[in-house]
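*Asks:* What follows is a single structure, and I will ask about it in a moment.
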Amino acid sequence: MKNYRTIALAVLLVLAAVLRLWDFAAPWTDDHRGWGGSFYGNIARNYLKFGYAETKAAPVCSVNPPDSSHFLYYLNHPPMTGWLVSLSFRVLGYHTWAARLVAVLCSMGSLAFFFVMARKFWGTDAALIALAVAAAIPIAAFYGSYVDVQGPIPMFFIMLTLYLYLRFNEAGTWGRFLLVLAAFFLAVLCDWPAYLLVPILAIHHFFSRGGTEPAQKRKWRILLLPLLACAMVAGFVLYCNWVRYGQASFNLDSMLANFRLRSFSGAVEGSERSYTLGDWFARIYDHLFLMYTLPVLLLAGLGLALYVFGITSGRLRNGAGFLAVLFVFGVSYILLFPQGAYVHDYWGYYAYPAVAIFATIPFQIMRRTAASWRSAPQYASYAAYLALIGVLCALATAGTLKLEALRGTNRYASNYNLAAITHSVSEDAFIVAEERLDHPINMRIPFYLNNYVEFAAICPANVQVANDLKRQVIFLMDSYIPPGSPKANLHLAILEHCGIFMDTVVRGAAVQKLWPRIKDITAPPAAVHAEYKNDCIEIRWTHPAPNTIKYYKIYWRANAQIFYLAADDFYAALDAKSVSITGNEAKICVKLREPIWIIVTAVDTNNNESGFDRAVQVGP
């Protein structure tokens with residue numbers, strides 16, 4: 001490259017790094033990034049505490065488990081993210097920036113591979129323009145330090161796979177293809193998006209004209225890629241069942257349940273409502289507008305139209321197939337998993353390379369047009385100027401949209417007084433929190449408190465657990481509970497009998513005095529009996545004063561947990577097919593692999609929820 005191009009490349013990489021290091025050492029905020037960083041930071045700490053052998057190299061999301069009997073595994077995703085963060089912690093120590101460093105390095109590495117591949121097909125000038133967009137585009141910069149199974153960490157290995165695939169496509173040697181398989185192996189260890197490469201690359205390779213060996217000799221090798229993908233899926237299923245149940249099997253219940261949720265469910269997480277098709281398109285539009293900015297979307301839309309015209313007219317050939325690979329890969333993840341894309345804006349992260357390339361196509365057309373009546377140096381200055389305008393438009397739009405506000409309101413030190421908690425409570429504190437606060441709040445506390453018992457929902461069952469533990473208790477409470485509800489009454493009892501009220505946080509150690517009050521609010525159900533048969537839990541009970549009861553609630557806890565969750569909770573139902581409570585009976589259809597504990601509480605006509613006398617064990 002000429003000197004000015006080398007300088008431009010260095011400047012763009014520095015710009016990309018600055019945008020990704022903007023809040024490098026800041027505490028975790030209460031958005032997706034704060035949850036992901038603290039969640040996988042806790043998983044990484046468990047790797048360091050217990051070792052990879054005792055954890056079975058699987059993500060243990062339990063907070064400060066005393067031993068392996070209290071491990072709660074998170075097996076919805078492959079384990080690479082936790083492994084990488086644990087290696088960073090081992091070298092650099094347990095810090096927020098040490099976790100973010102993994103994501104930032106992966107993000108910068110992805111940009112490097114992106115630039116090299118763009119330069120190969122469209123030249124250095126176009127590659128620099130595309131890099132400028134990719135460096136500054138909000139979704140890539142905002143989530144460039146995102147510690148999660150989605151985003152920059154899997155994207156790095158995906159871009160590595162694409163880069164090695166292009167080298168293999170040029171010269172289909174066994175050595176280059178083995179490198180493709182190795183990179184793909186690492187990519188699928190990160191997360192599921194990598195599997196989308198399999199059909200896309202197979203189709204591209206089959207129709208590609210590249211390569212120095214005879215077509216029939218080199219093209220059959222690509223079939224090893226789907227074979228490896230199938231082997232990886234099978235191996236992951238066996239691995240998950242071995243981790244969960246101690247024996248490898250091809251039980252797909254959990255995986256299929258998650259697939260159905262992300263692909264076919266219209267559920268709005270954290271709410272009882274569902275979204276419509278119109279809601280979905282409106283939400284995706286909002287995600288695109290906020291995270292890709294209007295100038296970039298307009299340029300990319302024009303570029304897409306020019307691309308389609310060039311393909312249909314036969315004028316666009318160089319790099320057309322590879323751009324299709326990037327585009328189909330980025331869009332397919334959103335279309336195949338619409339529920340996930342509706343809930344998580346970062347599921348659109350994988351489209352940014354294609355969008356950046358499409359946004360440069362108008363400049364490439366201008367270059368060819370200008371070359372007929374202007375010299376190359378004049379055009380280079382003109383193209384660089386237009387690229388600068390595009391980047392400034394993207395940054396200005398991000399500013400007017402208050403992208404920094406999307407990073408979270410830094411509630412770490414304000415609304416929920418987490419800073420005060422982490423500096424004033426004992427390390428063996430017991431955390432009891434509202435369900436609706438679990439992701440942003442509960443997963444951030446364990447990152448700053450090194451030794452405390454797992455958090456739990458605020459309910460009579462967990463108040464008794466707190467009482468039995470006889471340890472300091474912190475209640476994280478939702479201040480917007482409607483008056484007169486069972487939760488509101490429970491909150492009032494806690495505020496009257498326990499500790500200090502700090503905004504929405506109650507801190508104290510008087511739970512031993514609180515529990516009798518909670519227990520005596522109303523009479524609990526008696527003679528609770530539960531049995532497990534035909535993949536269903538059947539529960540029956542009586543009540544000494546049935547005429548005073550409005551409805552009953554069921555709570556459960558697993559063998560490795562010390563807290564209770566509502567059986568009809570979205571995540572708590574153990575992938576249950578159905579949960580029904582009628583009269584003095586309940587039925588939870590679910591296939592159990594280990595015993596669980598069941599309790600029944602009653603809500604009376606005054607909206608008071610009872611405690612309980614005992615838990616009932618049920619299971620295979």
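*Asks:* Using the basic label-point model (7 angstrom from Cα toward the beta carbon), what is the ALA257 to GLU496 distance in nanometres?
*Replies:* Roughly 3.9 nm, to one decimal.
*Asks:* If I model a spin label at LYS591 and SER578 as a point 7 Å from the Cα along the Cα→Cβ vector, what separation in nanometres do I get?
*Replies:* 1.8 nm
*Asks:* At 0.36 nm per residue, minus the direct Cα-Cα distance, what do ARG5 and LEU469 gain on full extension? Give it in nm, one decimal, please.
*Replies:* Result: 160.5 nm gained on full extension.
*Asks:* Roughly how many whole Å is it from the C-alpha centroid of segment 274-298 to that of segment 70-138?
*Replies:* Their Cα centres are 24 Å away from one another.
*Asks:* What spacing in nm lies between the two simple spin-label points modelled at PHE50 and PHE281, each 7 Å away from Cα in the Cβ direction?
*Replies:* 4.8 nm
*Asks:* May I ask you to derive the FRET efficiency for GLN617 and SER332 from their Cβ-Cβ distance with R0 = 60 Å, giving the value to the nearest 0.05?
*Replies:* 0.85
*Asks:* Calculate the FRET efficiency for CYS536 and VAL91 from the Cβ-Cβ distance with a Förster distance of 56 Å, rounded to the nearest 0.05.
*Replies:* 0.70
*Asks:* Further question on the same structure: Can you give the FRET efficiency for LEU13 and ILE203, using 1/(1 + (r/R0)^6), R0 = 30 Å, r = Cβ-Cβ distance, to the nearest 0.05?
*Replies:* Computed FRET efficiency for LEU13 and ILE203: 0.35.
Each reported figure results from applying straightforward, stated rules to the coordinates on display, with no laboratory input. Here the structure is a predicted model, which means the values were calculated and not measured. Note that we place each Cβ from the backbone using ideal geometry, even for glycine, and neighbour counts take in every protein chain shown.
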